[in-house]
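As structure tokens, the structure follows; a few thoughts come after it.
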């Protein structure tokens with residue numbers, strides 16, 4: 001539950017998309033929004049989502065890798081050395 005509201009679990013959506021998602025799990029919403037697998041994969045890639053789980057029980061397998069991808073993207077945008085210690089810092 002501690003990770004539910006942290007950056008690696010958040011995805012900014014514009015108003016209509018946010019309303020269409022509501023309380024559904026991300027995998028369900030993605031499947032409905034992007035029925036074409038290639039389009040869905042492209043969206044997930046653009047937003048560093050990776051493999052979006054179908055169940056809440058698989059949340060940790062989603063969260064940790066996504067946190068790493070977001071951290072890497074931020075490091076590259078901010079030109080921070082890849083070996084900078086960020087593991088203990090909050091999202």
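The numbers here are math on the coordinates, done by the rules we state, and not lab data. The structure presented is a predicted model; accordingly, all values stated were derived computationally and were not measured. Note that each Cβ is placed from the backbone with ideal geometry, even for glycine, and that neighbours are counted across all protein chains shown.
In this simple spin-label model, placing a label point 7 Å from the Cα along the Cα-to-Cβ direction at both residue 24 and residue 47 gives a separation of 1.2 nm.
Residues 22, 33, arranged from fewest to most other Cβ atoms within 10 angstrom of their Cβ, appear as 22, 33.
Residue exposure proxy: 28, 14, ordered by other Cβ atoms within 10 angstrom of their Cβ from fewest to most, comes out as 14, 28.
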